[in-house]
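Peer 1: Just passing along the structure, written as structure tokens.
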Amino acid sequence: MKKISLTIIVFVTVCSVLEAQDKFYTKTGKIFFECTKSPLEKIEATNKSSTCVLDIKTGRLQFAVLMRGFEFQRALMQEHFNENYVESSKFPKSDFKGEISNNNEINYTKDGEYIAKVKGKLQLHGQTQDVDAIGKIIIKQGRVIANARFAILLSDYNIRIPSLVSDKLSNSVNIIIDCNLEPFKD
Amino acid sequence: MQIGTKKKVFVAISMMALVAGLYGYMEYTRGSKDLLYTKADYITIAKDLIKEFEENEKAANEKFINKIIAVNGSVKDVIKDGDKFYTVMLGDAAGTSSVRCSMDSNYQPEAALLQLRRNVTIKGICTGFNADDLLGSDVILNRCIIEKKGSE
């Protein structure tokens, strides 16, 4: 009986270790966005504390970001972003849950650059929308670098642009993702 | 109205417009405050701050988000990303939870010199709490500065 219990414990432990090795993560992922319309005034911000988990076995990809973590060059712009646009007090987080649809074309054991077709759902400002993006997976000395560039529309996420600033603020937001992932060790 | 009075009114209005314009310009171009010279709203230890968020995230969000917090704790890890940007993790080395301090770009060299397991007080603006089943939970502070370095 003892032997069977021990075997089960060993099996479960080995399984969880193997599963953990399939996952890569970062807690310091960078997400940059810009929605500048007028060349006179740059509207852009960066968040350097986003969380990203990639399961290289299944291609499942997940991001989480705190809206208050976006830093602007101008403090007033940052205040307006949090209070009037994304309403950070009401909706403090945004997340993306999706997968790399061509995951089987990426060789995670060989250094190189691979195209990643990403599909998933982006939740922002209490709204969830489908997002498709073409990204890049770079394999370098055991690490996985995930880069992507895509655009979303503020109107899709119920974020209204007041007419007073409609000449400065674009409804289309360009988003750049840059995450340096490391193997998850349980 | 006499010419003298008119002149005074004109000067007063011009002065008010100038002050309003100057205030507007300063407000528009205002950058973020350097936290080294700003008083903390809360002074706490890493363990207690994490506990408050873990026990009641909603209440802790209302209390701490966008507030300046000085947190004392043991340096669990110092992470440097590709752009040499530092994040300091405070908390119990054996636990999965931590206070994640994203360092201010003007104070990066100081973060590089931090030693693991040393006690340190870091001041930053709280942006929230991230809880993940796999990765553990973190209270996140932005634009952090090192207020005080302590002993092991």
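The values are calculated or read from the model by the stated rules, or taken from the named source; none is laboratory data. Predicted, not measured: the structure shown is a model, and the values here were computed from it. Don't worry about glycine lacking a Cβ; one is built from the backbone with ideal geometry, like all the others, and counts go over all protein chains shown. Accessible surface is based on the protein model in full, side chains and every heavy atom, while ligands, DNA and RNA are left aside. Shrake-Rupley method; radii C 1.70, N 1.55, O 1.52, S 1.80 Å.
Peer 1: Under the rule of -39500 (n - 2.57) per DSSP H run of 4 or more residues, summed and divided by the residues of the protein assembly as shown, what mean residue ellipticity at 222 nm is obtained, to the nearest 500 deg cm²/dmol?
Peer 2: That calculation yields -7000 deg cm²/dmol at 222 nm.
Peer 1: Looking at chain A, identify the longest residue range that excludes and avoids all trypsin sites (Lys or Arg not before Pro) in DSSP loops having at most 16 other Cβ atoms within 10 Å.
Peer 2: A:111-159
Peer 1: Of all beta bridges DSSP finds with both residues in the protein assembly as shown, what is the antiparallel percent, to the nearest 5?
Peer 2: 90 percent
Peer 1: Shifting gears a bit: Which residue fluctuates most in the GNM of chain B (Cα springs below 10 Å): B:Asn66, B:Asn142, B:Asn106?
Peer 2: It is B:Asn106.
Peer 1: Just which residues of the range A:66-84 lose 40 Å² or more accessible area with every protein chain there, against their chain alone, with the probe set to 1.4 Å?
Peer 2: A:Leu66, A:Arg68, A:Glu71, A:Arg74, A:Ala75, A:Leu76
Peer 1: Under the classification rounded if a/c is under 1.5, otherwise prolate if a/b is larger than b/c and oblate if not, where does the range A:22-183 fall, given a ≥ b ≥ c as square roots of the Cα gyration tensor eigenvalues?
Peer 2: prolate
Peer 1: Among DSSP beta bridges whose residues both lie in the range B:35-149, state the antiparallel percentage, nearest 5.
Peer 2: Beta bridges within the range B:35-149, antiparallel portion: roughly 75 percent.
Peer 1: Per residue of the range B:38-49, what does 6.51 cos²θ - 1.76 cosθ + 1.60 with θ = phi - 60° give for ³J(HN,Hα)? Whole Hz please, x for Gly and Pro, Karplus curve as stated.
Peer 2: Per-residue couplings from phi come out as 10, 6, 6, 6, 9, 10, 8, 10, 3, 4, 5, 5 Hz.
Peer 1: Okay, moving on. Just tell me how shielded B:98-104 is by partners: mean number of partner chain Cβ atoms within 10 Å of each residue's Cβ, no decimals.
Peer 2: Across the residues of B:98-104, the mean count of other-chain Cβ atoms within 10 Å is 2.
Peer 1: Something else about it: With every protein chain left in place, what is the accessible area per residue of the protein assembly as shown in square angstrom, probe 1.4 Å?
Peer 2: Result: 58 Å² per residue.
Peer 1: Here's another thing I want to ask about it. Using the crude model of +1 on Lys and Arg Cβ and -1 on Asp and Glu Cβ, and no other charge, please compute the dipole size for the protein assembly as shown relative to its Cα centre, in debye to 20.
Peer 2: So the dipole magnitude of the protein assembly as shown works out to roughly 620 debye.
Peer 1: Now for a separate question. Before we go on, tell me the buried accessible area for the A/B pair, both chains summed, 1.4 Å probe, in Å² to the nearest 100.
Peer 2: 2500 Å²
Peer 1: How large a share of the accessible area of the range B:35-149, in percent, is made up of carbon and sulfur atoms when the probe is 1.4 Å and the other protein chains stay in place?
Peer 2: 47 percent
Peer 1: Let me ask another. Rounded, prolate or oblate: which fits the range B:35-149, taking a ≥ b ≥ c as square roots of the Cα gyration tensor eigenvalues, rounded meaning a/c under 1.5, else prolate when a/b beats b/c?
Peer 2: The shape class here is oblate.
Peer 1: Please check: in the Gaussian network model of chain B (C-alpha springs, under 10 Å), which one of B:Met89, B:Met16, B:Met103 has the largest mean-square fluctuation.
Peer 2: Of B:Met89, B:Met16, B:Met103, the most mobile in the Gaussian network model is B:Met16.
Peer 1: Can you tell which of A:Ala75, A:Ala148, A:Ala45 shows the greatest fluctuation in a Gaussian network model of chain A with Cα springs below 10 Å?
Peer 2: A:Ala75
Peer 1: Which ³J(HN,Hα) values in Hz, rounded to whole numbers, follow from the phi angles of the range A:99-104 under the Karplus curve 6.51 cos²θ - 1.76 cosθ + 1.60, where θ = phi - 60° and Gly and Pro get x?
Peer 2: Using θ = phi - 60°, the values come out as 8, 8, 6, 10, 4, 5 Hz.
Peer 1: Can I ask one more? List residues of the range A:74-104, by number, whose backbone nitrogen lies under 19 Å from a label position 7 Å along Cα→C-beta of B:Glu27.
Peer 2: Backbone N within reach: A:74-85.
Peer 1: Can you count the Lys pairs in the range B:54-131 whose Cα atoms are under 21 Å apart, with each pair 8 or more apart or on different chains?
Peer 2: Count of close lysine pairs: 7.
Peer 1: While we're here: Quick one: longest stretch of chain B between exposed loop trypsin sites (Lys or Arg not before Pro), exposed meaning at most 16 other C-beta atoms within 10 Å and loop per DSSP?
Peer 2: The longest uninterrupted stretch comes out as B:119-152.
Peer 1: List the lysines whose alpha-carbon lies under 18 Å from that of A:Lys136, not counting same-chain residues fewer than 8 positions away?
Peer 2: Excluding near neighbours in sequence, the set is A:Lys23, A:Lys30, A:Lys57, A:Lys97, A:Lys110, A:Lys117, A:Lys119.
Peer 1: Could you pull out every residue, at least 5 positions away or on a different chain, whose amide H is within less than 5 Å of the one on A:Leu124? Hs are placed 1.01 Å off N in the peptide plane, and Pro or chain starts have none.
Peer 2: For A:Leu124, whose amide H was placed from the backbone, the distant partners under 5 Å are A:Gln129.
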